[in-house]
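Read the structure below first, then the notes.
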Amino acid sequence: MRYCLGFFIFMMSCTFMFSQEKDGNVARVQDSTRLQKARIKEKDRSDRQGNKPKIEDYKKISFSSDTTYIDTTLTIKKEYKFNYLRKDNFNLLSFANIGQTYNNLSYDRVEQNTIPLFGARARHFNYMEVSDIDYYKVPTPLTELFYKTAFQQGQVLDAFFTVNTSKNFNFSIAYKGLRSQGNYRNTLTSTGNFRFTSNYQAKNENYRVRLHLVFQDLLNQENGGLTDDGVSNFVSGAPEFDDRGVFTPQFENAENILEGRRYYFQQEFDIIKQIDSINPFNLSIYNTISGENRYYQYTQSASASNFFGESFNNSINDKVELDDFNANIGVRLVNDVIGNLDVQLNYNKINYGYDAAVFTESGAISNRIKENIFKFNSDYNKSIGKFDFSGSLDINLSENFSGNFTQAQIDYQFRGGLKFVASISNQSRLPNFNFLLYQSDYLNYNWDNYKEFKNERSQKIAFSFLADDIINAHVDVTNISNYTYFAQTSDAENGMIKPFQYNNSLQYLRVKLEKEFKLGNFYLDNTLLYQTVNNDQSVFNVPTFISRNTLYYSNRIFKNAMHLQTGIVFNWFSKYNMNGYDPLLAEFYVQNQQQLGGFPRLDFFINAKVRQTRIFLKAEHFNSAFTGYNYFSAPNVPYRDFTLRFGLVWNFFL
């Protein structure tokens, strides 16, 4: 956290220096004016006040070039996003300590990706991918500070600063750091996400560049959860166990870490740029180069054979690494008549694996997967009246890493802000790398399925009806073939987890409804998700219902100087065979022996906004003491107890 503190001081110093420089410049201008004129008219001063930049001028540009502006409002959506991930976690169930993993309650199985992902997916919730990085364009320097308390001896701080040194050049620098001791033994978390971005546009606007650098390290201590006796004592609610530090976990000598370093550079040049209000025509060529190295490591000072099985060594040190180099060249056409077309040829060089091969009784386990992959990508969209048509096509031109993704979507805009969206998508790709190849000092955690596992195939049909005044409804149906998952082996006594592939197909249906009711200054915000899966062997388990209901009061007080929101959030999901967590793999696995869930979670919050500062105070899970202690985030892993949390988001516009 000393790095967080140092970075915080640096950001405040930058803000102070820019402020002093601006104030000094204003003073010099005023002195010069007094020498030239005897007085300054009040009207002139009011005119200068009227030239103050608007909030809409502080622009944020996403990876896909969608442009929004910095949002400093206080809404119920901000309450849902005021967490470690800074995202709405409706579908996620957090573990006891902030910075630990989350159990998924719902899944989107189709993504625009045709290459296997790096493993340890349970550690990737706070890992920032290329698509998570935003770029900025601001009229004056902007600083944002996010702060929230953690669980014992720590806090989370996200500090961000951006400035345009000229109209055409912007850079930003940010760091999110966390350290939290946690209430249970050996659950310390310590994470850091450093980001630097820059974007440039030539004066004639024909040439554009954007780049980013990202360095990330996500460390967790692991304890394997409570023992069976510890679970019984936890559920009993006996006062002697109120101090969670008295529980003896499965082990207290393990930790895992995920680290990543990435550079990303993209440039675009307009070959033809015709500005015509009736028929604009734009033809550009672009190029992207990026490289990323990430590794996952699990260490344990002494093996836990009763939990993971026998091991090669007394101490455990498992490390796997992925080097991914990507380069592409593409052409982009923008025209109202033809539509917008984007075509690119992509090259990926993959190097995944370990330092040496492993020899077991069942045979040799190779240590590397190396592949050069060429891909063809294309995106298209066209608007005709109130209809918007869009489509995507990605194809791997590689025999060993075959894969493809296709999607077609149509949007129709009704009168009164109503919108209908329909889409169909198809994806085929190999399972993630840790399904294909894994090595460990534990004997039973070694496998090589690279030539055996087939491509996972998913087809999805989705419909959305968006009308805030009526209801927002989302329906999607996904068919999955060759579903790949982790599960316990037949010898489950030692907790051994292996990858499996489901030979049959399964169907996954989701229906999500969102509606907010208003009566005066009182609001009731509701989100309900229904889902069901047709799989005869229960290899894909999700709760049937997930619900979030928020009753709150919102109003401006103190002569409109403060915007106040206060209320109660109710979260609940039905009982189901909740996935278990394997700390060695940093993955969740399927289990069908224990049903968990069905417990209510009530949070009381008071939020306020004063100028550009938003203050958040929350009593999390305040019902834990009187609705029973049968609440878990995974088998043998308790959910959070009642706690008070405080935080704020503070924006400085200079």
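Could you list all residues from segment 358-390 that are touching a residue at least 40 places away in the same chain (Cβ under 8 Å) and part of a loop (DSSP other than H, G, I, E, B)?
Across segment 358-390, the qualifying residues are 366, 367.
Here's a check for you: in segment 203-227, which residue that is charged (D, E, K, R) and modelled with pLDDT of 95 or more is surrounded by the fewest Cβ atoms within 10 Å (Cβ to Cβ)?
Filtering segment 203-227 for residues charged (D, E, K, R) gives 203, 205, 208, 210, 217, 222.
Among the residues that remain, those that are also modelled with pLDDT of 95 or more are: 208, 210, 217, 222.
On the way: 208: 18, 210: 21, 217: 15, 222: 24.
In this case the residue turns out to be 217.
From the list 464, 458, 428, pick out the single residue that is in contact (Cβ under 8 Å) with a residue 40 or more places away in the chain, buried (at least 19 other Cβ atoms within 10 Å of the Cβ) and within 30 Å of residue 413 (Cβ to Cβ).
Checking each option against the conditions leaves just 458.
Can you find, within segment 81-125, the residue that is nearest to residue 348 (Cα to Cα) among those that are among the hydroxyl-bearing types (Ser, Thr, Tyr) and crowded, with 22+ Cβ neighbours inside 10 Å? Even if it seems obvious, please write down each step before you answer.
The first filter runs over segment 81-125 and keeps only residues among the hydroxyl-bearing types (Ser, Thr, Tyr), leaving 84, 94, 101-102, 106-107, 114.
Within this subset, residues satisfying the condition of being crowded, with 22+ Cβ neighbours inside 10 Å are 84, 101, 114.
Numbers: 84: 32, 101: 29, 114: 11 Å.
Filtering segment 81-125 for residues that are among the hydroxyl-bearing types (Ser, Thr, Tyr) and crowded, with 22+ Cβ neighbours inside 10 Å, the one nearest to residue 348 (Cα to Cα) comes out as 114.
Among 234, 251, which is assigned to a loop (DSSP other than H, G, I, E, B), modelled with pLDDT of 95 or more, over 28 Å from the mean Cα position of the chain (by Cα) and surrounded by 19 or more Cβ atoms within 10 Å (Cβ to Cβ)? Working first, answer last.
Numbers: 234 fails: assigned to a loop (DSSP other than H, G, I, E, B).
That would be 251, the only listed residue that is assigned to a loop (DSSP other than H, G, I, E, B), modelled with pLDDT of 95 or more, over 28 Å from the mean Cα position of the chain (by Cα) and surrounded by 19 or more Cβ atoms within 10 Å (Cβ to Cβ).
Before we move on, is residue 339 farther than 28 Å from residue 291 by Cα, touching a residue at least 40 places away in the same chain (Cβ under 8 Å) and of a type outside the set (S, T, N, Q)?
Numbers: farther than 28 Å from residue 291 by Cα: yes; touching a residue at least 40 places away in the same chain (Cβ under 8 Å): yes; of a type outside the set (S, T, N, Q): yes.
For residue 339, the condition - farther than 28 Å from residue 291 by Cα, touching a residue at least 40 places away in the same chain (Cβ under 8 Å) and of a type outside the set (S, T, N, Q) - is met.
Would you mention how many residues in segment 254-295 are part of a strand (DSSP E or B), of a type in the set (A, V, I, L, M), more than 18 Å from residue 347 (Cα to Cα) and without any contact (Cβ under 8 Å) to a residue 40 or more places away in the chain? Lay out the reasoning, then the answer.
Residues of segment 254-295 part of a strand (DSSP E or B): 254-274, 281-295.
So of that shortlist, the ones also of a type in the set (A, V, I, L, M) come out as 254, 257-258, 271-272, 283, 285, 289.
Remaining after also requiring more than 18 Å from residue 347 (Cα to Cα): 254, 257-258, 271-272, 283.
Next cut, without any contact (Cβ under 8 Å) to a residue 40 or more places away in the chain only: 271-272.
Here the count works out to 2.
Only one residue in 145, 93, 74 is more than 23 Å from residue 175 (Cα to Cα), in contact (Cβ under 8 Å) with a residue 60 or more places away in the chain, in a strand (DSSP E or B) and in contact with a strand residue (DSSP E or B) (Cβ under 9 Å, 6 or more places away or on another chain), so which one is that?
Working: 145 fails: more than 23 Å from residue 175 (Cα to Cα); 74 fails: in a strand (DSSP E or B).
So the residue among 145, 93, 74 that is more than 23 Å from residue 175 (Cα to Cα), in contact (Cβ under 8 Å) with a residue 60 or more places away in the chain, in a strand (DSSP E or B) and in contact with a strand residue (DSSP E or B) (Cβ under 9 Å, 6 or more places away or on another chain) is 93.
Inspect segment 175-186 for any residue being farther than 30 Å from residue 633 by Cα and in contact with a helix residue (DSSP H, G or I) (Cβ under 9 Å, 6 or more places away or on another chain) and give the result as yes or no.
Taking segment 175-186 as the starting set, the residues that turn out to be farther than 30 Å from residue 633 by Cα are none.
No, segment 175-186 has no match at all.
Can you find even one residue in segment 284-291 that is out of contact with any Cys (no Cβ under 6 Å at 6 or more places or on another chain) and either at positive phi or modelled with pLDDT under 95 (or both)? First the steps, then the outcome.
Quick first cut of segment 284-291, residues out of contact with any Cys (no Cβ under 6 Å at 6 or more places or on another chain) only: 284-291.
After this cut, where a residue has to be either at positive phi or modelled with pLDDT under 95 (or both) as well, the list is none.
The answer is no; no qualifying residue exists.
Return the residues of segment 289-303 that are crowded, with 19+ Cβ neighbours inside 10 Å and of a type outside the set (Gly, Ala, Ser); say none if nothing qualifies. Step through it out loud before you land on a result.
Step one: filter segment 289-303 for residues crowded, with 19+ Cβ neighbours inside 10 Å, giving 294, 296, 298, 300, 303.
Matches in segment 289-303: 294, 296, 298, 300.
Give all pairs with beta carbons closer than 6 Å in which a residue from segment 580-605 that is in contact (Cβ under 8 Å) with a residue 12 or more places away in the chain and part of a strand (DSSP E or B) meets a residue that is of a type in the set (Lys, Arg) and buried (at least 20 other Cβ atoms within 10 Å of the Cβ); count only pairs at least 6 apart in sequence or on separate chains.
603/618; 605/618
If only one of 472, 541 is of a type in the set (S, T, N, Q), within 28 Å of residue 433 (Cα to Cα) and touching a residue at least 40 places away in the same chain (Cβ under 8 Å), which one is it? Even if it seems obvious, please write down each step before you answer.
On the way: 472 fails: within 28 Å of residue 433 (Cα to Cα).
Sole residue among the options that is of a type in the set (S, T, N, Q), within 28 Å of residue 433 (Cα to Cα) and touching a residue at least 40 places away in the same chain (Cβ under 8 Å): 541.
Take residues that are of a type in the set (A, V, I, L, M, F, W, C) and out of contact with any Pro (no Cβ under 7 Å at 6 or more places or on another chain) and tell me which of the strands (runs of 3 or more DSSP E) falling wholly in segment 427-518 contain 2 or more.
On the way: elements: 456-467, 471-481, 484-488, 497-501.
Ranges flagged: 456-467, 471-481, 497-501.
Of (1) surrounded by 15 or more Cβ atoms within 10 Å (Cβ to Cβ); (2) closer than 30 Å to residue 156 by Cα, residue 200 satisfies all except one. Which?
For residue 200, the exception is condition (2).
Does residue 136 fit the bill of being surrounded by 20 or more Cβ atoms within 10 Å (Cβ to Cβ) and either among the β-branched types (Val, Ile, Thr) or in contact with a Pro (Cβ under 8 Å, 6 or more places away or on another chain) (or both)?
On the way: surrounded by 20 or more Cβ atoms within 10 Å (Cβ to Cβ): yes; either among the β-branched types (Val, Ile, Thr) or in contact with a Pro (Cβ under 8 Å, 6 or more places away or on another chain) (or both): no.
It is false that residue 136 is surrounded by 20 or more Cβ atoms within 10 Å (Cβ to Cβ) and either among the β-branched types (Val, Ile, Thr) or in contact with a Pro (Cβ under 8 Å, 6 or more places away or on another chain) (or both).
Can you pull out every residue in segment 437-479 that is touching a strand residue (DSSP E or B) at 6+ places or on another chain (Cβ under 6 Å), farther than 16 Å from residue 497 by Cβ and among the aliphatic types (A, V, I, L, M)?
461, 462, 466, 471, 473, 475, 477
Between a first residue in segment 206-221 that is in contact (Cβ under 8 Å) with a residue 60 or more places away in the chain and among the basic types (Lys, Arg) and a second residue that is surrounded by fewer than 19 Cβ atoms within 10 Å (Cβ to Cβ) and not in a strand (DSSP E or B), which pairs have beta carbons less than 8 Å apart while being 6 or more apart in sequence or on different chains?
Pairs found: 208/202.
Regarding segment 575-591, can at least one residue be identified that is among the small types (Gly, Ala, Ser) and more than 24 Å from the chain's Cα centre (by Cα)? Don't jump to the end; show me each part of the working.
If we filter segment 575-591 for residues that are among the small types (Gly, Ala, Ser), which is where we start, we get 580, 586.
Now drop any that are not more than 24 Å from the chain's Cα centre (by Cα), which leaves none.
The answer is no, given that none of the residues of segment 575-591 is among the small types (Gly, Ala, Ser) and more than 24 Å from the chain's Cα centre (by Cα).
Suppose we filter 646, 632, 626 for residues that are over 23 Å from the mean Cα position of the chain (by Cα) and aromatic (Phe, Trp, Tyr); which single one remains?
626
Return a yes/no flag: does segment 106-118 have any residue that is closer than 24 Å to residue 320 by Cβ, free of Cβ contacts under 8 Å to residues at least 24 places away in the same chain and in a loop (DSSP other than H, G, I, E, B).
no
Pick from 306, 326, 317, 340: which is exposed (fewer than 14 other Cβ atoms within 10 Å of the Cβ) and either assigned to a strand (DSSP E or B) or at pLDDT 95 or above (or both)?
Values: 306 fails: either assigned to a strand (DSSP E or B) or at pLDDT 95 or above (or both); 326 fails: exposed (fewer than 14 other Cβ atoms within 10 Å of the Cβ); 340 fails: exposed (fewer than 14 other Cβ atoms within 10 Å of the Cβ).
Selected residue: 317, the only one of 306, 326, 317, 340 that is exposed (fewer than 14 other Cβ atoms within 10 Å of the Cβ) and either assigned to a strand (DSSP E or B) or at pLDDT 95 or above (or both).
The values are calculated or read from the model by the stated rules, or taken from the named source; none is laboratory data. This is a predicted model, so every value here is computed, not measured. All Cβ positions, glycine included, derive from the backbone under ideal geometry; neighbour counts span all protein chains shown.
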